[in-house]
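Taking it in order: structure first as structure tokens, then the write-up.
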Amino acid sequence: MSRAKSSLTSLIILLVFAVVAGALYFNRQWVVDELSIWQFKPSSEVTALAEGSSLNDNGKFIYYASQPSIESTQHFNDVCGTTEQSTAILGCYSAQRIYVYNVTDVRLDGIKEVTAAHEMLHAAYQRLSDADRKNVDSLLDVEYNKLKDDAKFAERIAFYARSEPGERDNELHSIIGTEVDSVSPALESYYSRYFTDRKVVLGHYSKYSTVFKEIEDKSNALSASLTTLGSKIEKNTAQYNSDVKSLNQDILDFNTRANNGSFSSQSEFASERAALSARTSALDVKRAQIAADLVTYDAQRKELQAISSESAALNRSIDSKLAPAPSL
């Protein structure tokens, strides 16, 4: 009887071990994540990004399991560098870790929160089951078809196609989740797995992207105005110079006829002289208008230069490739 009990106990232990082993196998990512979080001590700024992007407990779990760090240029480039030079890289998810570039320009407040959420969604996408991923991809494809005709969106997806072939849905998962406010109820419900309120991170994106858009809109408007005004000045100047040449010739002819006594009467002389004087006055008005347009053109040119400088400064602030000079 004692031997039977011993065998039964051993069998139970083996069954428990098998169950535990099976549970660990099928939940190995969760185990790895738990160990990763246990070993990780987030900085206050890393924690602030999680709070500022409104991640819920599940979103924070994935975020902290990815041991996020906020990096300056050199180390960030070592980890997240790309051969593509046309697009600024603000973050990456590499070797199951999240890296966020340390953008410090106060005009772009919120950009790090959006980047952190974007990279967390990459980590979340990696953890989806095959069935979940297939379902999510179909939802993302619906949103993609709504956005694909937008030139900037298409350019961005083309960049990812070059730099990360085959990762379109993965990128859509992060881009749409942090930047697109109107999605299907099913996709919105899905994103609620990770966010307490997704509108918070969307608000951050809207705020800093508006800074770039306003500068771009001003720049485009000024460029168009300068092109139109420049053409007007060129056309009016050419006409003015032609009219001056014609008037000078007519004045010379008038003076020659006056000196030769060719006028039949004083009234004829006065009439032609008055006509020439009126043309002179009209040309003075044209010259003044051209001068005023030149002043406006110069002012707009300087304004465009200032906006271009502002745009360049903003772009430099998010360009991790512009590493500072090494210190001695």
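The values are calculated or read from the model by the stated rules, or taken from the named source; none is laboratory data. Remember, predicted model here, so these are calculated numbers, not experimental data. No Cβ is skipped: glycine too gets one built from the backbone with ideal geometry, and neighbour counts run over all protein chains shown. Heads up: the accessible areas ignore ligands, DNA and RNA and are worked out on the full protein's heavy atoms, side chains in. Shrake-Rupley method; radii C 1.70, N 1.55, O 1.52, S 1.80 Å.
Tabulated data for the structure shown
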{"item": "Nearest 10 degrees, 0 to 90: helix 151-163 Cα axis against the chain principal axis", "result": "50"}
{"item": "All lysines inside 26 Å of K286 as judged from Cα atoms, apart from same-chain residues fewer than 8 positions distant", "result": "K232, K235, K245, K302"}
{"item": "Kirkwood hydrodynamic radius (C-alpha pairs) into Stokes-Einstein, region 169-326, 25 °C and 0.890 mPa s, D in µm²/s", "result": "110"}
{"item": "Cα-only radius of gyration and Dmax that characterise region 140-235, units Å", "result": "18.2, 62"}
{"item": "Distance in nm between pseudo-label sites at S163 and V244 (7 Å out along the Cβ direction from Cα)", "result": "5.4"}
{"item": "P(r), alpha carbons of region 269-323 - 10 Å bins starting at zero, rounded %", "result": "20, 21, 17, 15, 12, 8, 5, 2"}
{"item": "Sequence-distant residues sharing a close amide H with I89 (under 5 Å, placed H)", "result": "S320"}
{"item": "MRE, 222 nm, helices only [DSSP H, n ≥ 4, -39500 (n - 2.57), over the chain, to nearest 500]", "result": "-25500 deg cm²/dmol"}
{"item": "Charge dipole magnitude, Cβ of K and R +1, D and E -1 - the chain, Cα centre, debye nearest 20", "result": "400"}
{"item": "V183 long-range amide H proximity, modeled H, under 5 Å", "result": "none"}
{"item": "Nearest-10 value in Å² for the accessible area of R301, using the 1.4 Å probe", "result": "90"}
{"item": "Whole-angstrom gap from region 265-306 to region 107-148, using each part's C-alpha centre", "result": "61"}
{"item": "Cα-derived Rg to Rh of region 72-161, Kirkwood definition", "result": "0.99"}
{"item": "Those aspartates and glutamates that a straight Cα-Cα span of less than 14 Å connects to K218, excepting residues fewer than 8 apart in one chain", "result": "E303, E310"}
{"item": "DSSP beta bridges in the chain [antiparallel fraction, %, rounded to 5]", "result": "60"}
{"item": "Tilt relative to the chain, helix 111-127 - C-alpha long axis, 0 to 90 degrees, to 10", "result": "40"}
{"item": "Diffusion coefficient, µm² s⁻¹, Stokes-Einstein with Kirkwood Rh over alpha-carbon pairs of region 40-114 at 4 °C and 1.567 mPa s", "result": "100"}
{"item": "At 1.567 mPa s and 4 °C, Stokes D of region 131-170 from Kirkwood alpha-carbon radius, µm² per second", "result": "120"}
{"item": "Spatially proximal lysines relative to K41 (Cα-Cα < 22 Å; intrachain offsets below 8 disregarded)", "result": "K60, K112"}
{"item": "Rg to Rh, two decimals, where the chain supplies the alpha carbon set and Rh follows Kirkwood", "result": "1.36"}
{"item": "Net dipole in debye of region 121-183 [+1 Lys, Arg Cβ; -1 Asp, Glu Cβ; about Cα centre; nearest 20]", "result": "100"}
{"item": "Degrees between helix 2-26 axis and first principal axis of the chain (Cα, 0 to 90, nearest 10)", "result": "10"}
{"item": "Over region 188-243 - Rg/Rh using Cα atoms and the Kirkwood inverse-distance radius", "result": "1.53"}
